[in-house]
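Chemist: Take this structure first; my questions come after.
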Amino acid sequence: MLAAGAHTTKEKDLNAHIEAFVAQLKRRQIQGSYNVALATAQLLLRVVSAARWTHIDQLVTQIKILGKRLQGAQPRELACGNIIRRVLALIREESEDTNDSESGDGAVNSPLITSMFSLLSTNDEYGPNRGSQSLIDGSGRSIKKDLKPYIIEGIQELIDELKNIDESIASMGVEMIHENETILTPTPNSRTVLKFLLRTAQKRKFTVLVVEVFPNDVEKTHEFALKLAEAGIETTVITDAMVYSIMGRVGKVILGTHAVLANGGLLASAGAAMISQCANVHRTPVVVCTGLYKLSPMYPFDVESLIEVGDTGKVLAFEDGSLVDKVNVVNPLYDYVPPESVDLCITNMGGYSPSFMYRLVLDHYRQEDVTL
Amino acid sequence: MGPKKTGQGNKTKVSKQPSQQNATQEDTNQEERLQAIVLSDSYQTRFQPLTLETPRCLLPLCNTALLEYTFEFLALAGVSEVIVVCCAHADQIKEYIAHSRWSNPSSPFTIETVLSPESVSVGDAMRDLDAKGLITSDFLLVSGDIVCNVPFDKVLAAHRQRRAKDKNAIMTMVLREASPLHRTRARAESAIFVLDEQTNQCVHYEEVKTRKHMQQISLDPEIFNKHTDLAIRNDFIDCHIDICSPDVPALFTENFDYNHIRKDFVHGILTSDLLGKTIFAHVVTDNYAARVRSLQTYDAVSKDVISRWTYPITPDSNLLADQTFQYQRGHIYKEEDIVLARSCRINSCTVIGAGTAVNDGTVITGSVIGRRCKIGKNVSIQSAYIWDDVTIEDDAIIESAIIANGAVIGTSSRVAPGAIVSYNVKIDSNVTVDGNKRLTRYLGDGHKRVDKDAVGEHGDGYVYEDDSEAEEDDDYEEIVNSSGLVYNMASLNASDTSFSTTSADQMHRKTRRRRVSTASSNTMASEDSDEDSFLREAQASVERAIAENHDLDIAALELSTLRMAKNAQFHDVRAATIAALIGRISHLINSNTLKARAAVESVLNQWGPLFRRQVFDQADQIDFLLLVQRDCTRRMQGSTILLHAINCLYDQDILEEESILKWWQAPQSKEDADMVKVGELVPRWLEWLTTAEEESDSE
């Protein structure tokens, strides 16, 4: 009885919370794929713990509706949709598992691919869940009702994964970067790349060339370069125009990315496409560091619709009245980097070729959730 | 287990929370809490006849009400309490706010509407607010028609820092830098700001009247004494975003004639010597800030929003919950559910709302189309603003016009640049609406009017003329002309460039003139305006006393009262008295009433005793003599007057021998040719003085 009263106020709270979150997304007060992903996961945690359902499909539709709203708030921030799809997949999996155990036939409905992938995987995410599931199997029907704690636990794990993602990627740096190698990176706003380089610098001595990425990330470039220099890495900031001439001396291009699409293509900060093309001409390997939460099941049929167009004022000073009146300025924030230009994706689950990305997508998302 | 656990978690949280919350609340009270006053009324008539039916702040800009942009900015700025002051159309604004997402619990601030039905100006609204006592701390004052994405924390921090240092820094104006001819600058309302380069203190404000070809501005010379680096600037977009202290509404109450926040208030505060309040400017060089204050800026701000200068406040952010805009290459924004014929062409910088259908062969360029519009075949729409539910029939041509909700434009009709077609006006086929026409169907006085000439045989609506305003305000025409949707750039160009050159050379002239004035005012040894005015008044008072033959005591009393009131030095009192007396003497001489000696004696014997209350010690006497000498340089027969005056005052024991000698030895008494010349007779008198002394000694 008491719970019912608490429930309605809680629901109100939650609704207000969701609306405020949507407004913040629209205002770009929460920005950047990591922040959005983390905030989304935390919101879903609240939603699931407040939600009530008699059948698992109700929960799924509820979250799908929420997902559509969040996605609409920042349509080009794919991380938000990715997290929602991950959670949906999680819910479906949990429910299927309980159904399976009820019917006493575990093998029929389980996804085909998971088992094969598990052989390769070093970090089996769903392993523990499954283990715990099987332990409780004995209690029979009660499992259906107790689904919620497992889902919450799953989301909690997802949040932990998000928080530790940079660590697991950074640990692979030693295998990627050789002694005295010259690294070029055009994505200074990537935390992942920063940690990757800093961690590797503890064991290796190498040079980093940081591309300025005018106009959107110039300040961040300088901060990034300063952090590297403070860690004792030999760092040089170069202008965007110098990339081609210097590429011959570069050992590897390391890219951070905004999103990874189902075909292995990237949405990275503007300029990345040109630099990766340039690297291809010089046969310089292009390595992408990315957390799996950036992996989206979307396929780039219409590249333009995925690219966010930012503040025009960064390209052309607004003060300049005569130009403002006559020139149409576009400031795309991202570039589409085709999968052919990328040689390797380092994720928190290991390094993969871009052509293998579709497989990871199938492992992490359900086909029925691709369109929210 | 699960629920229990969470319960415990809650409990521990609860027990912790009070202390934390208190702490944070106190913090927020001190730092975070920020009130904002939104003036929903513009107190202007520029958008008439549109604003006859809808308040300005609810007019759609890129299919979103203007007020939404203001609230969005306030949310970004971290405001926690918004007070909307409503005047005209208060019910509409109230209803809009009540149904908007800002009244939901998820809104980042609390919102309150305050009625101020009698107010006819910003000043009235401020006085009303002051009377209601709603303002408790520093607040943000904005009008309901701004579009701004400036991150506000820095501005606010700077303001608070200044306030903490100096309680008199009552206001910070946020100004966006832009070139003088920028489209987003309101043509009719540009202004000159004189800022201290180092502190950004605004020391002078002057409104620019474009029509009157302003030739000069006058600055108080004191400004140059107080500030070393001054910038005189005419390149700001002033969108009236101000951070004000609670003193501001109080000052409005004190000065009941202040109406306009800039023209009256800022100008008044800056020119007032008594208040000692200071106003600062915060110049923003990146990000966007503008105000929709005229049709011309409506056009410009719409274009800015479409071309994403206002990012992230763009149509595709879908500010309203039911909006579904998507961005396409070339700044084209389309909502879901629109019907476009295969052969129609949508060119760049266009916004199209949901439910709109565009037929074959139609070309739309750089325009905003609202929701549920029906656009026929082969229509041409260029830089036009077409609001919701408009029907445009085949072959119509619309250029740079505003077509408001529910209007109908007949087949093959043409709406020329600059025209406004207000709500539900119907224009018949084959009619041309001229560029200067504003059509409406508003029934202000109850009876229906139809101008068949303007809207055609089967049309509905009449030409709106704002006669009341035109008679009252001679600037009206200028404002209408320059604030119209279309502005003749050529003529503007000439006027504004000529203005800027005059302002530049005005500056030179100004400094030159100032130099001259300092030189000539050396007699007064002061350029202080306060002292200047004292000098004038004191001199006038003595002259009056002489002319009306007042009693000496009364004249002395009057002088000392004046001195107290203006807080002047005795030096200035002496200067004024000397100027008056010697003026009188030279007048008597020049008009041949009396000879020099007699004139001096007659005046000084009667009025000389005034100096007894002005000259006290030797230093005073020397100063006095220097003043007399300097004054005499300006007079005919100055040297004679000087000689006789010294003699006369010596006889009256106002001047002592020792100080006369010291004066004569002092370098100031011979500092330039004029002074030397006027003193040419003095040595002989001094000779007589010393010999007389010796004689009396020997006696």
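The values are calculated or read from the model by the stated rules, or taken from the named source; none is laboratory data. Bear in mind the structure is a predicted one, so any value in this text is a computation, not a measurement. Here the Cβ is made from the backbone with ideal geometry for all residues, glycine too, and neighbour counts use every protein chain on show. These area figures cover heavy atoms from the full protein model, side chains too; ligands, DNA and RNA do not enter into them. Shrake-Rupley method; radii C 1.70, N 1.55, O 1.52, S 1.80 Å.
Chemist: Placing unit charges on C-beta atoms (Lys and Arg positive, Asp and Glu negative, everything else neutral), compute the dipole magnitude of region B:303-357 about its Cα centre in debye, rounded to 20.
Modeler: Dipole of region B:303-357, to the nearest 20 debye: 340 debye.
Chemist: For the pair B:THR365 and B:VAL283, what calculated FRET efficiency results from E = 1/(1 + (r/R0)^6), where r is the Cβ-Cβ distance and R0 = 25 Å, to the nearest 0.05?
Modeler: Efficiency for this residue pair is about 0.10.
Chemist: How many nm is it between the label spots at B:GLU656 and B:SER533, if each spot is 7 Å from the Cα in line with the beta carbon?
Modeler: It works out to 3.8 nm between the two label points.
Chemist: Anyone know which of A:VAL342, A:VAL260, A:VAL309 comes out most mobile in the 10 Å Cα GNM of chain A?
Modeler: Top of the fluctuation ranking is A:VAL309.
Chemist: Count, for each residue of B:100-106, the Cβ atoms from other chains sitting within 10 Å of its Cβ, then give me the mean as a whole number.
Modeler: 4
Chemist: Which whole-Hz ³J(HN,Hα) couplings does region A:333-347 yield from phi under the Karplus relation 6.51 cos²θ - 1.76 cosθ + 1.60, θ = phi - 60°, glycine and proline marked x?
Modeler: Karplus-based 3J(HN,Hα) across region A:333-347 equals 8, 10, 10, 8, 9, x, x, 4, 7, 9, 9, 8, 10, 9, 10 Hz.
Chemist: log₁₀ I(q)/I(0) of region A:208-265 at q = 0.24 Å⁻¹, via Debye over equal Cα point scatterers, no solvent, to two decimals?
Modeler: Per q value, in the given order, log10 I(q)/I(0) is -1.08.
Chemist: While we're here: Rounded, prolate or oblate, given the Cα gyration tensor of region B:587-681, with a/c below 1.5 counting as rounded?
Modeler: Oblate is the answer for region B:587-681, as a/c is 1.5 or above yet b/c matches or exceeds a/b.
Chemist: Right, something else. If we count trypsin sites (Lys or Arg not before Pro) as exposed when they sit in a DSSP loop and have at most 14 other beta carbons within 10 Å, what is the longest stretch of chain A that avoids them all?
Modeler: A:284-372
Chemist: With a ≥ b ≥ c the root eigenvalues of the C-alpha gyration tensor of region B:26-135, is it rounded (a/c under 1.5), prolate (a/b larger than b/c) or oblate?
Modeler: oblate
Chemist: Could you pull out which residues in region A:213-248 have an amide N less than 11 Å from a spot 7 Å beyond the Cα of A:HIS178, following the Cα-Cβ vector?
Modeler: Hits in region A:213-248 for A:HIS178 at 11 Å: none.
Chemist: Loop sites only, by DSSP: take the chymotrypsin sites (Phe, Trp or Tyr not before Pro) in chain A that have at most 16 other C-beta atoms within 10 Å and name the longest stretch containing none of them.
Modeler: Value returned for the longest uninterrupted segment is A:54-300.
Chemist: Could you compute the net charge surrounding B:ARG414? Neighbours are other residues with a C-beta less than 10 Å from the C-beta of B:ARG414; K and R count +1, D and E count -1.
Modeler: That works out to -3.
Chemist: Here is a follow-up. Quick one: compute a quarter of the convex hull surface over the Cα atoms of region B:116-188 and quote it in nm².
Modeler: 7.1 nm²
Chemist: Listed here are the pairs B:LYS226/B:LYS263; A:LYS205/A:LYS314; A:LYS326/B:LYS426; A:LYS220/A:LYS294; A:LYS163/A:LYS220; which of them are more than 26 Å apart at the Cα?
Modeler: In this structure, A:LYS205/A:LYS314; A:LYS326/B:LYS426 lie more than 26 Å apart at Cα.
Chemist: Still on this structure, please answer the following. Tell me, what is the FRET efficiency for B:GLN92 and B:THR136 to the nearest 0.05, using R0 = 35 angstrom and their Cβ-Cβ distance as r?
Modeler: According to the calculation, E is roughly 0.80.
Chemist: Also, I was wondering about something else. What is the distance in Å between the Cα centres of region B:398-427 and region B:36-59?
Modeler: Taking the Cα centre of each part, region B:398-427 and region B:36-59 sit 21 Å apart.
Chemist: Where the convex hull is taken over the Cα atoms of region B:329-464, what is its projected area averaged over directions, in nm²?
Modeler: 7.3 nm²
Chemist: I've got another one for you. Taking the C-alpha atoms of region B:525-698, how large are the radius of gyration and the largest Cα-Cα span, Dmax, in Å?
Modeler: Reported Rg and Dmax, both Å: 15.8, 53.
Chemist: Which of the helices in chain A, when you take each full DSSP H run, stretch at least 27 Å along the axis at their Cα atoms and have an average Kyte-Doolittle score of -1.0 or higher?
Modeler: Sorted by number, the helices that extend far enough and score high enough are A:2-26, A:78-103, A:147-170.
Chemist: Report, in debye and to the nearest 20, how large the dipole of chain A comes out about its Cα centre when Lys and Arg carry +1 and Asp and Glu carry -1 on their Cβ.
Modeler: 440 debye
Chemist: Size of the dipole of region B:329-464 about the Cα centre, Lys and Arg at +1 and Asp and Glu at -1 on the beta carbon, nothing else charged, in debye to 20?
Modeler: The dipole of region B:329-464 has a size of about 220 debye.
Chemist: Further, regarding this structure: Calculate, for chain A, the solvent-accessible area per residue in square angstrom, rolling a 1.4 angstrom probe over the heavy atoms of the protein chains.
Modeler: 45 Å²
Chemist: Of B:THR593, B:ILE622, B:GLN539, which is farthest along the charge dipole of region B:525-698 in the positive direction, counting Lys and Arg as +1 and Asp and Glu as -1 at C-beta?
Modeler: Going by the charge dipole, the pick is B:THR593.
Chemist: Oh, and also: Per residue of B:312-321, how many C-beta atoms from partner chains lie within 10 Å of its own C-beta, taken as a mean?
Modeler: Going residue by residue through B:312-321 and averaging, the value is 4.
Chemist: Whole-Hz Karplus ³J(HN,Hα) for region B:33-46, in order, using 6.51 cos²θ - 1.76 cosθ + 1.60 and θ = phi - 60°, x for Gly and Pro?
Modeler: 5, 9, 8, 10, 9, 10, 8, 6, 9, 9, 6, 9, 10, 5
Chemist: If amide hydrogens are placed 1.01 Å from N in the peptide plane, which non-local residues have theirs closer than 5 Å to the one on B:CYS349?
Modeler: B:HIS331, B:ILE332
Chemist: Place +1 on the Cβ of every Lys and Arg and -1 on the Cβ of every Asp and Glu in region B:329-464, take the dipole about the Cα centre, and give the residue among B:VAL363, B:SER413, B:ILE427 whose Cα lies farthest towards its positive end.
Modeler: The residue sitting farthest along the positive end of the dipole is B:VAL363.
Chemist: Here's something else I'd like to know. Averaged per residue, what accessible area in Å² does region B:329-464 show with a 1.4 Å probe, protein chains only?
Modeler: 41 Å²
Chemist: Here is a follow-up. Among A:TYR299, A:VAL329, A:THR347, pick out the residue whose Cα is farthest towards the positive end of the charge dipole of region A:268-353, where Lys and Arg carry +1 and Asp and Glu carry -1 on C-beta, about the Cα centre.
Modeler: The Cα lying farthest towards the positive end belongs to A:THR347.
Chemist: Given H placed on each backbone N at 1.01 Å, which residues far from B:THR110 in sequence or on other chains put an amide H within less than 5 Å of it?
Modeler: Those qualifying (amide H under 5 Å, at least 5 residues apart or on another chain) are B:GLU81, B:VAL82.
Chemist: What residues qualify as long-range amide H neighbours of B:LEU655, i.e. H under 5 Å apart, gap of 5 or more or another chain, H built at 1.01 Å from N?
Modeler: Here B:TYR650 satisfy the definition.
Chemist: To continue, here is another question. Expressed as a whole number of Å, what is the distance separating the alpha-carbon centroids of region B:656-684 and region B:91-133?
Modeler: Value for the Cα centre distance between the two parts: 72 Å.
Chemist: Percent of Cα-Cα pairs per 5 Å bin, from 0 to the last occupied bin, for region A:13-93, please list those.
Modeler: For region A:13-93, the binned pair fractions read 3, 16, 30, 27, 15, 7, 2, 0 percent.
Chemist: Find how many whole Å separate the alpha carbon centroid of region B:637-655 from the alpha carbon centroid of region B:309-378.
Modeler: 90 Å
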